[in-house]
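Asker: I'd like to ask some things about the structure below.
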Amino acid sequence: MTHVAIAGAGPAGLAAANAALRAGAEVTLLDSANGLGGQYWRHLPPSRPAAHEALLHHGWGDFTALSRAVTSHPRAAVVTSAQLWAVEPCSTADRGPSDHAPTLQYAVGDADGNERQMRSLSPDALVLATGAHDLTLPFPGWDLPGVFTGGAAQALAKAERVAVGERVVVAGAGPFLLPVAAALTATGARVLGVFEASRAGALARGWAGGTASVAAMPYKLGELAGYAGGQLRHRIPYRIGTGVIAAHGTERVEAVTVAALDADWAPIPGTERTIACDAVAVSHGFTPRLELAVAAGAELADSGPLSRFVRVDLDQRTSVPSVYAAGEVTGIGGADAALREGALAGWIAGGGDPGDRRAASARRQIARYRGFARALEAAHGIRPGWTAWLRPETTVCRCEETSYGRLCGTLDATGARSLRALKLTTRAGLGPCQGRICGRTVEAIAAARIGPALDGAVPDRRPIAAPIRFAELARLPRPDSPDSPAHADHPDSPDRPEERHEP
Amino acid sequence: MSARMLPPEHDPITPATPVAVTIIVDGTPVSGVAGQSVAGVLLAAGRLAWRTTAAGRRPRGVFCGIGVCFDCLVTVNGVRDVRACQRTAHDGDAVGFQDEELPEIGA
Amino acid sequence: MHSDAIVIGAGAVGAACARALAGAGLTVTVLDAAGAAAGTSGQGEGNLLVSDKLPGPELSLAQHSLTLWDGLQAELDAELPAALPPVEYERKGGLVVATTEAGAQPLLDFAAQQRAAGIDARAVGIAAALELEPDVNPAITAAVHYPEDAQVQPVIATEALLASARARGARVVLGARVTGALRAASDHAGRTGRLTGVRTTRGDFSADNVIVAAGPWSGDVAAALGASLPVRPRRGVVLVTTRMPHRIFHKVYDADYVGAVESDAAALQTSSVIESTAGGTVLVGSSRQQRGFDAALDLAAVREIAAKATRVFPFLAEAAVMRVYGGFRPFMPDHLPVIGPDACITGLWHATGHEGAGIGLALGTAELLRDLITGATPVLDPVPFSPSRATLEAAA
């Protein structure tokens, strides 16, 4: 029987698990969080169930159906609080035929704990559904406490019922700003405004250019219309062609400056105004979480620093045999696309018939969602003028506190065309987040100022995909001890991980 | 003027009655709700920042909220580098604020 | 455009050679297939060590290089714009410890040989070792303190050396991969003409002298130019912790490191080399393994390094590893770098094969090569490093 491992239990991962089970496979579904649903369906923990959780979500019925089907299935093992920290390609693990999926290394237990159980898994097929996180461009004051990503505001609202502030400004780009505002409002915060960087021209071109594909997705539009209706109901101002270009305060954010942006997102002088607030939620796009895919050796579809995803074929196969990818790691297309991609990836990975009617239907829908994703990028994609709101002293790398001025000064002094050298001379990307937040923006700044990197490095390469402690590394079983716990994740083994039943 | 938890009695999604947890933050007991993250407990208790950066000695708290930015690092029961936004608060956890002063090299 | 010299490779050795040659008045062009410090120089720890070397020509080169490193920052400060950060040169000293009863005496004997060659190698008692490194495992069986060992941030150092070379008139062309040789016509006797330049992916470059300083890729570059050089890649892995309070003050390594450096084995060998950095992180090495240019993560090496490091510094058990990086050392079968003219092709020079010591040996290598090319009296005896030496012919 085919054993499919799935990394990530958001919409794509859950759909993949469900489809792989339908195809007759054994499934191990891994997620670092302590519940299922990913960022999209973040919700209160099982210890604190809510009667009307659906009020905070779109497609909550899909989630409950999928998670119930997967967690109750006898061929499924669902492991939460499982931090995947390394992927060993087949060639290294030396496990025989090269069409075997890579070996996964993961730690189960309290997040960042020091007593986690070290496990490994060598599945027949792997589906990467690791999703994306916010891409927030730096701006003066973005490192003040009280400045959050949109994802933080949403996660705290949905999973903790905590509003990040009482008077909140939401800014950045893309339709994701609307659910962020909605989640804040539903958590008792007052949203002072939603500021979308793209101007009417880009929005019209992007969305009109994709008319056919958008028209084919009434649900998607309905979702957005629902959010827009919510904005009106709560009298939240929605401004396009406008951005937060600075946050102010000493120990915490006290106000922001918003300004009109030109078509390239450069602030238009004279349009600045200050808004007093106690929190800001800013997201300009998304960064796919690619480290596991890169570690597995999967080729990337590379359209520059801000647009780099896992390359997949029409069946969601990556360039590595037996490794599939689905959801935001293949392109920012939203949860509906992720559900279809996940379902197709899981079905094929699980040995399902590629000619199956539902597979064919999924392929057609995915093709349409790709059109939606292109429209999204055309309408809301990051424009190069944003660097005009930076000042020399603006922090670019939050971990190492590398300023924009230092970055530019080093670039000019060295002419560095090696991303690795740039990182080590400026320290940008060397801190604990390992360039997750600044890597792509630093790469974009360097490419614009000096030229694209020549060393073949991508900031998404992190062979250690999450911090792991020395004691945990030292506890890793040696490869010559096959009976060690590291090999105990096979669903038939007595050490079968507990299944979670939720919601 | 800060983050706060929506009182369950006013919450339209009607969460189950919360079970309290208490964590010890820098020696002081702070109450939260079972299932919350350490960051959630701290924010709901009115703390917006708790880490101090190494070079600029600047305050930091939660930024990304989903485990990728590592701004919110704390010590939990003496173990460093725990992401407060990812770690579930357990009753009695001792949470500390780690110092990251840079070494004086070449002194 | 014609140059007096082309340096192939913008790593630490290439950058140092370019700077030295430009300083001697030569027009210099540096070519690199990728970017500066994009290879081995960007993947090491920046060791400037005398402690791991037995008396002999490599130790002499290391000692001379260390005196040059000692004065480098002051020279750079006078030459370069303030935008470049300091090279983080620190003469922090090394502490070599034995972790087994059997390892104690060989370490002390090794130190005695080094003292005879003029190295400051101080056998210290366990109590004194604990004063130098209060968190080192008190179960160590012997310790030798090497005050001369130093450290540098190798990428900043490479960029700074390159910037200095540019300030002295050198031209740097990145993204230029060498694909072939430019040759003078054969003479009447049919002997191959001298090398007059190189073909690259960014065009042809002519020069009177071509220096191969491409680290582990030097064998491929030499082959593209019609020469043979038995340099091979030897993989190494380093673990990086998150920033932590400063608790490691020297380069601390296990005495079995020396055995690994001197070894010819192709299979995985690991040995603890532990040090803190100016950024507050701790670098933990090291491994040696010959497996071509396979860069995939090798967890067996990572596990062994982690286990050995916690035996030297037990407190590391709770430290978090946030990054692992690896690189390829240019390994020579007879454990000596090649510095000098090619055995067969006139106009071709080599400055490579420094294994894991290239940063430390870069400045001395550059001076030696400069003297050989300009015809000055060499700062050191060049014969042991000659590309024509018998031990290399045997290996080829």
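All of the numbers you see were taken from the coordinates with simple rules; none came from a lab. In this text, all values refer to a predicted model and were calculated from it rather than measured experimentally. Quick reminder, even Gly has a Cβ in these numbers, built from the backbone with ideal geometry, and neighbours come from all protein chains shown.
Asker: Ranked from highest to lowest mean number of other Cβ atoms within 10 Å per residue, what is the order of the peptides C:280-289, A:106-115?
Answerer: Listed from highest to lowest mean packing, they are C:280-289, A:106-115.
Asker: Taking each residue in A:455-463, count the Cβ atoms of any other chain within 10 Å of its Cβ, then average. What number comes out?
Answerer: 4
Asker: Comparing C:Leu31, C:Leu297, C:Leu239, which has the greatest mean-square fluctuation in the GNM of chain C with Cα pairs linked when under 10 Å apart?
Answerer: C:Leu297
Asker: Around B:Phe63, which amide H atoms from residues at least 5 apart in sequence, or from another chain, sit under 5 Å from its own amide H, with H modelled in the peptide plane?
Answerer: So B:Phe63 has HN proximity to B:Asp71, B:Cys72.
Asker: If I fit a long axis through the Cα atoms of helix A:404-414 and take the longest principal axis of the Cα atoms of chain A, what angle between them do I get, 0 to 90°, rounded to 10?
Answerer: 80 degrees
Asker: Of A:Val127, A:Thr71, A:Ser32, which is farthest towards the positive pole of the range A:1-135's charge dipole, taken about the Cα centre with +1 and -1 on the beta-carbons of Lys, Arg and Asp, Glu respectively?
Answerer: Checked the options; the winner is A:Thr71.
Asker: Starting from the Cα of A:His52, step 7 Å toward the Cβ, then list every residue of the range B:1-42 with an amide N under 14 Å from that point.
Answerer: Residues B:8-16 fall inside that zone.
Asker: With a 10 Å radius around each residue's Cβ, average the other Cβ atoms per peptide and rank A:118-129, C:264-275, highest first.
Answerer: The most tightly packed comes first, giving A:118-129, C:264-275.
Asker: May I ask you to order A:165-176, A:13-24 by the average number of other C-beta atoms within 10 Å around their residues, highest value first?
Answerer: So the order, starting with the most tightly packed, is A:13-24, A:165-176.
Asker: Per-residue mean of other chain beta-carbon atoms within 10 angstrom of the beta-carbon, peptide A:393-402?
Answerer: Mean partner shielding for this stretch: 4.
Asker: Continuing with the same structure: Pop the C-beta distance of A:Ser307 and C:Arg291 into the FRET formula with R0 = 35 Å and round what comes out to the nearest 0.05.
Answerer: 0.55
Asker: Between C:Ala223 and A:Arg449, what is the spin-label point distance in nm, taking each point 7 Å from the Cα along the Cα→C-beta axis?
Answerer: In this crude spin-label approximation the distance works out to 3.9 nm.
Asker: Would you kindly derive the ³J(HN,Hα) couplings of the range B:54-62 from the backbone phi angles with the Karplus curve 6.51 cos²θ - 1.76 cosθ + 1.60 (θ = phi - 60°), listing them in order in whole Hz, with x for Gly and Pro?
Answerer: 6, 7, x, 6, 9, x, 9, x, 7
Asker: To make sure I understand the rule: partners must be lysines, Cα under 29 Å from the Cα of A:Lys158, and not fewer than 8 residues away in the same chain. Which ones qualify?
Answerer: A:Lys220
Asker: Do you know the relative contact order of chain A, to the nearest whole percent, from alpha carbon pairs under 8 angstrom that are 6+ apart?
Answerer: 21 percent
Asker: Here's another thing I want to ask about it. Under the rule of at least 5 residues apart or a separate chain, name every residue whose amide H is placed under 5 Å from the amide H of A:Ala111.
Answerer: Amide H neighbours of A:Ala111: B:Thr88.
Asker: Further question: Working out 0.36 nm times the residue gap between C:Asp187 and C:Arg122, then minus their Cα-Cα distance, what length gain in nm do you get to one decimal?
Answerer: 17.5 nm
Asker: Does the range C:5-70 classify as rounded, prolate or oblate by the C-alpha gyration tensor (a ≥ b ≥ c root eigenvalues; a/c under 1.5 gives rounded; else a/b over b/c gives prolate, otherwise oblate)?
Answerer: Oblate shape, in that a/c is at least 1.5 and b/c is the bigger or equal ratio.
Asker: Can you tell me the FRET efficiency between A:Ser72 and A:Arg235 if r is taken as the Cβ-Cβ distance and R0 is 56 Å, rounded to the nearest 0.05?
Answerer: 0.80
Asker: Compute the relative contact order of chain C as a whole-number percentage, counting only Cα pairs closer than 8 Å that sit 6 or more residues apart in sequence.
Answerer: 23 percent
Asker: Which percent, nearest 5, of DSSP beta bridges in the range A:1-160 are antiparallel?
Answerer: That works out to approximately 45 percent antiparallel.
Asker: Taking amide H atoms as placed 1.01 Å from N in the peptide plane, list the residues 5 or more away in sequence, or in a different chain, whose amide H sits under 5 Å from that of B:Val21.
Answerer: B:Gly32, B:Val33, B:Ala34
Asker: Using the Karplus curve 6.51 cos²θ - 1.76 cosθ + 1.60 with θ = phi - 60°, what ³J(HN,Hα) values do you get for each residue of the range A:443-453, in whole Hz, with x for Gly and Pro?
Answerer: 4, 5, 4, 5, 5, 6, 8, 10, x, x, 5
Asker: Taking the Cα-to-Cβ direction at C:Glu79 and at B:Thr22 and moving 7 Å from each Cα, how far apart do the two end points lie in nm?
Answerer: 6.6 nm
Asker: Moving to a separate point now. Using the Karplus equation 6.51 cos²θ - 1.76 cosθ + 1.60 (θ = phi - 60°), what ³J(HN,Hα) coupling, rounded to whole Hz, does each residue of the range B:87-101 give in order, writing x for Gly and Pro?
Answerer: 8, 6, 6, 10, 3, x, 4, 8, 9, x, 9, 7, 9, 10, 3
Asker: Of the beta bridges DSSP finds with both residues in the protein assembly as shown, what % are antiparallel, to the nearest 5?
Answerer: Expressed as a percentage, antiparallel bridges in the protein assembly as shown total about 65.
Asker: May I pose another question? Just grab the label-to-label distance for C:Thr374 and B:Glu9, each label 7 Å out from Cα along the Cβ direction, in nm (one decimal).
Answerer: Placing both labels 7 Å beyond Cα along the Cβ direction yields 8.7 nm.
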